[in-house]
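Asker: Encoded as structure tokens, here's the structure I'll be asking about.
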Amino acid sequence: MHKKFEHKEIEKKWQKIWKESGIYNVGTRDLSREKEYVLVEWPYPSGNLHIGHWFAFAVVDIYVRAHRMQGKQVLFPMGFDAFGLPAENAAIKRNLDPRAWTESNIVHMREQLEQMGNAFSWDKTTSSTDEEYFEWTQWIFTRFFEKDIAFRGEATVNWCPGCNTVIANEQVLSDGTCERSGDVVDKRSMMQWMLKITDYADRLINDLEPLDWPDHIKESQKQWIGRSSGAEIPFTLSTGDVLSVFTTRPDTLYGATYLVLAPEHDFIIRSKNKIQNWESVIRYSQEASQKDDIARLKSEKEKTGIKLEGITATNPANGEEIPVFIADYVLKGYGTGIIMAVPAHDERDYAFATKFNLPIKQVVVPCANDSHNPPKNDYGEVKRDTIIVHLRNKSTGKFALLNWHESLEGITTAIMGGIEQGQTAEEAVINEINEEAGLKNIKIIHRLPWVTAARYCASHKNENRCAHSFAFIAEVENLNNQEITSQHEQNLHSLMWVEESEVLDLLTPDHQKQVWKMLHSNEVATAPGYLMNSEEFDGMNSEEAKVAITEKVGGKMKNTYRLRDWSIGRQRYWGVPIPIVYDPEGKPHVIPKEYLPWKLPTDVDFKPTGEAPLAKSSELKERVESIFGKGWTPEVETMDTFVDSSWYFFRYLDAHNTDLFSSKEKQNEWMPIDIYFGGSEHNTMHLLYSRFFTKVLYDLGLSAVDEPYKKRINRGLVLGPDGNKMSKSKGNVIDPDEQVSRLGADTVKMYLAFMGPYGEMADYPWDMGGIVGLRRFLERAYGLSEHITESNSLETARLLHKTIDKITRDIEQYKFNTAISALMIFINAVEKIGISNNDYTIFLKLLAPFAPHLSEELWSAIGNKGSIHQSQWPVAEEKFLLEETATIGVQINGKMRGSITVAYDADEASVVTALTSSDEYSAKIHSEIARVIYIKNKLINIILSKT
RNA sequence: GCUGGAGUGGCGGAAUUGGUAUACGCGCGCGACUCAAAAUCGCGUUCCGCAAGGAUUGAGGGUUCAAGUCCCUCCUCCAGCACCA
């Protein structure tokens, strides 16, 4: 029966008791219990809790409560990330002090968080704007400065005209606008405070591997860091300068037919006298550097550039004189800012070369890439009789490579027995291509040097297996005139890769596409393969050639990264002041620890003008002079708020430590964070920055771990009822306070947990009707005591223990939705069959993590003194999990025909007998049973003989 | 274009990881209670069909006694990156 309950009264009552008794405080580490550090991203105190906060915190609370009941000591802290622009903007708008605004918001939001009824460890809270917090943000900065991790350097920065400050790359959206204000971001070159995150690029990639994180987050971090391995190759110019280019394809050096410099490259200014067309060159360079990202994107395909007249370079591989260009498709900030252009094997170079009529020289025959595995025989040896056929399209002059080996049927016939009298093996292969693929007029025009075939085999470390290998170039005479149909393509494919299982081993799908493209389209062959037109390297594969050619020309193998150093200076007021002062010579010095926290001055008009507000403070100026002496000046920038959140999880552990940001002892007790729940918007920013901080602190001997987060779970978004992202302008915002007051905190929490699986990054629309279902469920739970019976029903006990088992397992996998479903199934059944006192108590415990207020109320109503949240989680008893009977599926000839109930663990013979003697199935088993597949307690499949 | 992920009723979603597809909830339909409505309770609800029965997990193919789950081809959607050499 439904029974209405007064959620407001119940919630108020228990929240007060919980707060007073402090039952959710963790206190000191209790070594008798297993620890678990559960972290959620600390919120920005914008003033009001929104539904996203509920989704982020209330659902995770289920996990925390269940684990506490299971005996773990769970740290579940909450705090506030309270510096940042919204406070400053609100303060400007309302003419308030940002600190006062922030602090009153924190008070209000903490109240709202308490109304959520979460089991937060409030004894461990902190806030980034507390003096005792930012003192340590500053102290960490000074340590970073001493280790040259923090430095001042010239950098191209993103300037947001709306926010009047520099913002990080990560805060610029893909359309070139600011993620906060939406204004188009300018590029400016400025002296900036930066953190040397690039020094950690390799570790940030490599250390991802062992982490228990979803692959997509690891992938986006890898992409963000963007490591590419290649080589730096020195080119000597006619001016005598030696310039290095960065390339990922040193194997294509013989095909490099010109050089391209970034328009901003300093060689250009340096060589003013030697550039004959200086006027036009400098004009182009200036135009290019003024183009912002959007303009560059718009002209994506259309290549522009200008030749440096009077300057040439020498290709170090073959000594050829090649021209030098500048073009805006080469970026100053990546690699060395210079490329060697290989139009035959790079699409951008190809586009440029076509436009400027530059020579295009193919040096690689595309083939399988480096994941390519040669076919093996049954003994794991590389198979013999490899045949390599290079096909050349006569009209385009392009090459493609096919290769076969003995086990492929079409060729096997030709080689092993199908070679007709007087026919060579090559001719047999050509016949096959002609006949099977329908590509006419193919003829051998050139036998490749034997070395090509030999190298091919040698590269697979099987030299003595090459006895029968051969290679040649066959020409497809009129391929372009032939109508190439998909039938041709199919035929060629089937010729090449007869056995499907071989396809994987022999050639990658990429290669298949590549070969075909080479033959009949104008696409550029970018895949690695085997070299040609490369003197002594002919026939070598790309991977080996990369090293060999780099070595020959005196280059060196090198990695390059997309990641840039993190610029952290902000020309705004409401942030942590960078703890630096300048001596009269302008040299920066850290502010000694005794003067930390280095506070924000209060005499500042912080309206954004583009100039840092702190520069206008006489209070700050005087403070510096009185401490450091005349002529000393303060740093006037504040830090990006991502700095604050890069180490907050350390501070929770030891929030009131006045000697250290976080003691090693406390860290050893709690780190690493066992699980970090958060949103995907932090995948490449906060998550990367805080990993970087942890590594630097580790290297400084200040952190116990070098990776902070063992496991990460990303949740999705709660969308508006219309399926769109909630926004004021769309009028589809759900206010959690309103929902809580209407239906109760437990209902809202359970609804959010029930919408779908947590941590799959899926977005769920808020369903006004859906939430009512959860309220109904809780009302039925409230009325469940009316179904208490004297006797203990075995049926209920069985179901209960199955439910315990299911819920316990589901919570471990963050499948709160199916756990709730199990609770519903239980209630549905018990309302019909009744429940004993003891089982009722157990049910309440199962309900406790999901509905903390209501379960506490019901728990006390049956006379319990302590809190249900400090009781022990029930354990499913094996004996109740065993069934007496099993209803198993019945298949006849693999088709589902129904089900039959038999004894639990019944053997095959008895089930077959039961079937053949049943009215329902005997008729269907109309002939001899040929075979029986029996899966105990699941299914039986009767295969009848054909007659 | 590259990388990663996902496609199951009217909707949110379930399926012990190869073994009875559509649990649970919403919605909807019918009935009960009511002067009536709401709330509540009962029954039904993947689709076609009166039924027997048949079809069905984005499309097509394959492996298997058995496929939502594994393999191949294709389509669609979401997320990240994108003139990165």
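The values are calculated or read from the model by the stated rules, or taken from the named source; none is laboratory data. In this text, all values refer to a predicted model and were calculated from it rather than measured experimentally. Cβ: placed from backbone, ideal geometry, glycine included. Neighbour counts: every protein chain shown. In case anyone asks, the SASA skips ligands and DNA or RNA and just uses the protein heavy atoms, side chains included. Shrake-Rupley method; radii C 1.70, N 1.55, O 1.52, S 1.80 Å.
Asker: Just subtract the alpha-carbon distance of A:Asp907 and A:Glu619 from 0.36 nm times their residue separation and send over the number in nm, one decimal.
Answerer: Working: separation 288, 0.36 × 288 = 103.68 nm, distance 8.88 nm.
The span from A:Asp907 to A:Glu619 would gain 94.8 nm if fully extended.
Asker: So, one more: Can you give the extra length, in nm with one decimal, that the chain gains between A:Ser626 and A:Arg562 once fully stretched, where that is 0.36 nm per residue apart less the Cα-Cα distance?
Answerer: 18.6 nm
Asker: Just to confirm my numbers, what's the Cα centroid distance between the stretch A:1-38 and the stretch A:620-687 in Å?
Answerer: Cα centroid to Cα centroid, the span is 30 Å.
Asker: Can I ask one more? At a Förster distance of 22 Å, what's the computed FRET efficiency of A:Asp148 paired with A:Asp706, Cβ-Cβ distance as r, to 0.05?
Answerer: The value I calculate is 0.70.
Asker: Heavy atoms only, probe 1.4 Å: what % of the accessible area of the stretch A:759-856 goes to carbon and sulfur, would you let me know?
Answerer: The nonpolar share, carbon plus sulfur, comes to 49 percent.
Asker: A follow-up question, please. Please work out the average accessible area per residue across the stretch A:145-235, using the 1.4 Å probe convention, and give it in Å².
Answerer: Solvent-accessible surface per residue comes out at 45 Å².
Asker: Shifting gears a bit: Of all the accessible heavy-atom surface of the stretch A:884-938, with the other protein chains kept in place and a 1.4 Å probe, what percent is carbon and sulfur?
Answerer: The value for the stretch A:884-938 is 48 percent carbon and sulfur by accessible area.
Asker: Can you tell me the length gained on complete extension of the stretch A:Met190 to A:Lys728, counting 0.36 nm per residue apart and subtracting the Cα distance?
Answerer: Gain in length upon complete extension: 190.0 nm.
Asker: A further question on this structure: Compute the signed sum of charges (Lys and Arg +1, Asp and Glu -1) over the other residues within less than 15 Å, Cβ to Cβ, of A:Thr633.
Answerer: Every neighbour counted, the sum reads -2.
Asker: Using a 1.4 Å probe, what is the accessible area per residue for the stretch A:879-947, in Å²?
Answerer: Here the per-residue accessible area is 63 Å².
Asker: Looking at the stretch A:710-838, how many pairs of lysines come closer than 26 Å at the Cα, when each pair is eight or more places apart or spans two chains?
Answerer: Summing the qualifying lysine pairs gives 16.
Asker: Give the Rg (one decimal place) followed by the Dmax (whole number) of the stretch A:187-228, computed from C-alpha coordinates and expressed in Å.
Answerer: Spelled out, the Cα radius of gyration and Dmax of the stretch A:187-228 are 13.3, 39 Å.
Asker: Using alpha-carbon positions, what is the distance between the centroids of the stretch A:760-826 and the stretch A:536-567, in Å?
Answerer: 59 Å
Asker: At a probe size of 1.4 Å, how large is the accessible area of A:Val185, to the nearest 10 Å²?
Answerer: 10 Å²
Asker: Something else: Given a 1.4 Å probe and every protein chain left where it sits, what share in percent of the accessible area of the stretch A:125-261 is carbon and sulfur? Don't skip to the end; give the middle numbers.
Answerer: Values: 2250 of 5120 Å².
About 44 percent, which is the carbon plus sulfur part of the accessible surface.
Asker: Which order, highest average first, do A:281-288, A:690-697 follow once you tally other Cβ atoms within 10 Å for each residue and take the mean per peptide?
Answerer: Sorting A:281-288, A:690-697 by mean packing, highest first, produces A:690-697, A:281-288.
Asker: Arrange the peptides A:337-346, A:38-47 so that the one whose residues have, on average, the most other Cβ atoms within 10 Å appears first.
Answerer: A:337-346, A:38-47
Asker: Listed highest first by mean packing, meaning other Cβ atoms within 10 Å per residue, what order do A:81-93, A:729-741 come in?
Answerer: Those peptides, ordered most packed to least, come out A:81-93, A:729-741.
Asker: What distance in nm separates the simple spin-label points at A:Glu131 and A:Lys895, each placed 7 Å from Cα in the Cβ direction?
Answerer: A separation of 8.3 nm, rounded to one decimal place.
Asker: At R0 = 45 Å, how high is the FRET efficiency between A:Met761 and A:Asn837 if r is their beta carbon distance? Nearest 0.05 is fine.
Answerer: So, using R0 = 45 Å, E works out to roughly 0.55.
Asker: Here's something else I'd like to know. Using a 1.4 Å probe on the protein heavy atoms only, what accessible surface does A:Phe141 show? Give it in Å² to the nearest 10.
Answerer: 10 Å²
Asker: May I pose another question? Could you give the distance between the Cα centres of the stretch A:100-126 and the stretch A:894-947, to the whole Å?
Answerer: When both Cα centres are located, 62 Å separates them.
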